[in-house]
Amino acid sequence: MDLAWELVVVDNEGETTTREVCESFADRLPLRYLVCRTPGQNAARNYGLGAVRGELVVLSDDDMLPDADWLRELYQGAKRWPEHVLFGGRSLPNWPGKVPDFEIDEDIGHWTYCICDPPLPEGPDPRFLPISTNMAIRRRVFDYGLTFDESIGPNGRDYAMGSETEFNLRLGRLGFAAVFLPKAVVHNVVQAEQLDRNWVLGRAFREGRGETRLQAPVSWCDLARLTKRALWATARYSWGRMQHRRSDLFRRRISCALTHGRLYEAWRLKLGLR
């Protein structure tokens, strides 16, 4: 089966190198190169949507390596589930010669290394939230006026994570459950510097911010609750250091970063900052 497809690359900075790389593939790929001057990943996505002509919009990132049959699996999966509009597959880590020296549970793996490998069969499941490394959406969703929230996600500055989660939840409130397609697989190329613990803590802080943003608006009771949790997480970490508990000390630091991010974003929302 021949599959007609087109690759739309949106450059969010207009770099000469990026344009030259894209042009070097022009004779081998059905590629269109666009420049979006508005900073932000979601701004670039929304800009690119105006150029998409296919019936199925597939999202991925520049550090992903897809399996050879990735697009075909997404397309055929969408055909098997014609009443659904949102699809996603598996995203697995491609470690840089070694794995992290700290525990990677499901939550940490999801927001740190874009790991998405739920033990689910193919089909719709309200528990499944695809991530933008491996996501397909029917074009009619955007024709109805839905776009990505440009106040969330990477924007070249300090930001709250969780843009595709926010988009998934919006679709869920409209009654659309995402369809999991386990044979559609991409691999996230993890850089060596992303194994650094301070890098992980920075991701945890931004993840905490994103979690609060998804629960907006924020009340004074929410602020009091989040303050209590942040103080408790800090106390647990400090107590662990005093006891020289190496086994779970980094996990406690991650918990601190998450709770502090949640509290930080709660104050930003309460003060009307976006």
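Coordinate-derived values only; no laboratory data. As the structure is a computational prediction, the values presented were derived from the model and not from experiment. Cβ coordinates were reconstructed from backbone atoms using ideal geometry, including for glycine residues, and neighbour counts include every protein chain displayed.
Annotation: lysines with alpha-carbon distance below 20 angstrom to K79 (same-chain offsets under eight excluded): K183. Please list, by residue number, everything in segment 15-29 whose backbone N is under 18 Å from a paramagnetic label point 7 Å out along Cα→Cβ of D2. Residues 28-29 qualify, since their backbone N sits under 18 Å from the label point. Taking a straight Cα-Cα cut-off under 25 Å and skipping sequence neighbours fewer than 8 places away in the same chain, the lysines within cross-link reach of K270 are K228.
Build a GNM of the chain with springs between Cα atoms under 10 Å apart, and of S60, S255, S247 the one that fluctuates most is S247.
Once label points are set 7 Å from the Cα along Cα→Cβ at both H84 and V21, what is their separation, rounded to one decimal in nm? According to this spin-label approximation, the distance is 3.3 nm.
Largest GNM mean-square fluctuation across C221, C36, C114, computed for the chain with C-alpha springs under 10 Å, falls on C221.
Given that just one value was derived from the coordinates, which of (i) 126; (ii) 149; (iii) 210 is volume of the Cα convex hull per residue in Å³? Label (ii) holds the value from this structure. The distance between label points at W220 and R170 comes to 3.2 nm (points 7 Å beyond Cα on the Cα→Cβ vector). Computed over the chain, relative contact order equals 21 percent, with contacts defined as Cα pairs under 8 Å that lie 6+ residues apart.
With both labels modelled 7 Å from their Cα along Cα-to-Cβ, the R28 to D125 distance reads 3.7 nm.
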